[in-house]
Amino acid sequence: MLVSGGSLWRSCLPRVHCAAESTTEDGKGDCCEYGSSQYYVLCGLGGVLSCGTTHTGIVPLDLVKCRIQVDPGKYKNIVTGFRVTLNEEGPQGLFKGWAPTLIGYSLQGCFKFGFYELFKAVYCGMLDEEKAYLWRTGIYLAASASAEFFADIALCPMEAVKVRIQTQPGFASTLRDAMPIMYKEEGLYSFYKGLLPLWMRQIPYTMMKFTSFEKTVEFLYRSVVSKPRTECSKTEQLVITFAAGYIAGVFCAVVSHPADTIVSKLNQDKGSTAMEVAKKLGMIGVWKGLVPRIIMIGTLTAAQWFIYDGFKVWMRLPRPPPPEMPESLKIKLKDKELSSK
């Protein structure tokens, strides 16, 4: 089923480009077949590198963002947040929660990117070539939502630990100390009580992340770059990847921010529910910390796409260009235009 789904996706959207993409700039062939089990495993590994490294690299900014969300009176803005944290805990305080961040987001990245490629192939395989092209936005949305559903189940326990370490004064400062305490307090529920709001935050975020990225790449190659992607060097392609990723990241931050605030506050407040936290925060409170999150997510998303695409280039994974309209659909539209005259 995995190979079949991948082959169907390849035949539906980027079929006209397959021959052009079968070799790399140095003349070497692809390391595996598009849609094979090896392809999906390597895409998952690319997701581990993409998400694990980037999220861990911005732990200080994420820590300040979370503290602004849960205690806006003390951490009024990003500058004050850094100043207060440094004064009270020193430089090491900015890196609290790095271990659960690295583990959690590495697992999330594996499922997010690996399953996105898989579900994109599966959903495309349900359609013929023309419908797959016309409904490609829907395919991007459905595939990314499906992938994130499973990615968040993997992420949720480490996200809960990270937030408790970063935002609860006097709580444990390391992963190995925090997990036993949380399990003793509320059992497994302590690690998964934030799953629903995490889905509320991450699924819209990921749908926006992948769909806006895919559509932005299409736009850049169609309207900004003066040549098709097959004629661009790998360096030029990665620059476009980074630009499209940053644009997508800005949209992601805005769409998912209210749920992100609820997740942060929920994991800080023992025994509370998502609805109780939302009512307590109010319409204004859920938007606290938006500016640092836009900076964080914009940079984060751009870096993730750059690392992921760079990994695929380095590993010589198949990278079909943006889809183009099938010839059969072009003929139909041309005939329809002629008949209407």
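Given the residues Lys76, Lys96, which is the only one that is of a type in the set (D, E, K, R) and either touching a Ser or Thr at 6+ places or on another chain (Cβ under 6 Å) or at pLDDT 90 or above (or both)? Steps first, please.
Working: Lys76 fails: either touching a Ser or Thr at 6+ places or on another chain (Cβ under 6 Å) or at pLDDT 90 or above (or both).
Sole residue among the options that is of a type in the set (D, E, K, R) and either touching a Ser or Thr at 6+ places or on another chain (Cβ under 6 Å) or at pLDDT 90 or above (or both): Lys96.
Which of the residues spanning region 149-193 are open to solvent by 50 Å² or more (accessible area, probe 1.4 Å) and in contact (Cβ under 8 Å) with a residue 60 or more places away in the chain? Write out each step before concluding.
The initial filter retains those residues of region 149-193 that are open to solvent by 50 Å² or more (accessible area, probe 1.4 Å), namely 149-150, 153, 168-170, 173, 176-177, 179-181, 183-185, 188-189, 192.
Within region 149-193, Gln168, Ser173, Glu185 qualify.
Of all residues in region 227-245, which are assigned to a helix (DSSP H, G or I) and in contact with an Asp or Glu (Cβ under 8 Å, 6 or more places away or on another chain)?
Quick first cut of region 227-245, residues assigned to a helix (DSSP H, G or I) only: 229-231, 234-245.
Thr230, Lys234, Gln237, Leu238, Thr241, listed by residue number.
Within region 320-327, is there a residue that is modelled with pLDDT of 80 or more, surrounded by 20 or more Cβ atoms within 10 Å (Cβ to Cβ), part of a helix (DSSP H, G or I) and among the charged types (D, E, K, R)?
No, every residue in region 320-327 fails to be modelled with pLDDT of 80 or more, surrounded by 20 or more Cβ atoms within 10 Å (Cβ to Cβ), part of a helix (DSSP H, G or I) and among the charged types (D, E, K, R).
Can you tell me which of Arg83, Arg67 is surrounded by fewer than 19 Cβ atoms within 10 Å (Cβ to Cβ), at pLDDT below 95 and assigned to a helix (DSSP H, G or I)?
On the way: Arg67 fails: surrounded by fewer than 19 Cβ atoms within 10 Å (Cβ to Cβ).
Only one candidate passes the filter, namely Arg83.
Scan region 209-234 residue by residue and report those that are modelled with pLDDT of 90 or more and either open to solvent by 40 Å² or more (accessible area, probe 1.4 Å) or polar (S, T, N, Q) (or both).
Thr211, Ser212, Lys215, Thr216, Phe219
Would you check if there is a residue in region 158-170 being under 17 Å from the mean Cα position of the chain (by Cα) and either modelled with pLDDT of 95 or more or part of a helix (DSSP H, G or I) (or both)? Break it down stepwise before answering.
Filtering region 158-170 down to residues under 17 Å from the mean Cα position of the chain (by Cα) leaves 158-159.
Within this subset, residues satisfying the condition of being either modelled with pLDDT of 95 or more or part of a helix (DSSP H, G or I) (or both) are 158-159.
Within region 158-170, one or more residues are under 17 Å from the mean Cα position of the chain (by Cα) and either modelled with pLDDT of 95 or more or part of a helix (DSSP H, G or I) (or both).
State the number of residues belonging to region 293-319 that are more than 30 Å from Val64 (Cβ to Cβ), open to solvent by 30 Å² or more (accessible area, probe 1.4 Å) and either touching a residue at least 40 places away in the same chain (Cβ under 8 Å) or not in a helix (DSSP H, G or I) (or both).
3
Need the failing condition index for Leu127 against (1) of a type in the set (A, V, I, L, M); (2) assigned to a helix (DSSP H, G or I); (3) in contact (Cβ under 8 Å) with a residue 12 or more places away in the chain, just the number.
(2)
The values are calculated or read from the model by the stated rules, or taken from the named source; none is laboratory data. In this text, all values refer to a predicted model and were calculated from it rather than measured experimentally. Every residue, glycine as well, gets a Cβ built from its backbone with ideal geometry; the counts of neighbours run over all protein chains shown. Keep in mind that these areas ignore ligands, DNA and RNA; they rest on the heavy atoms of the full protein, side chains included. Shrake-Rupley method; radii C 1.70, N 1.55, O 1.52, S 1.80 Å.
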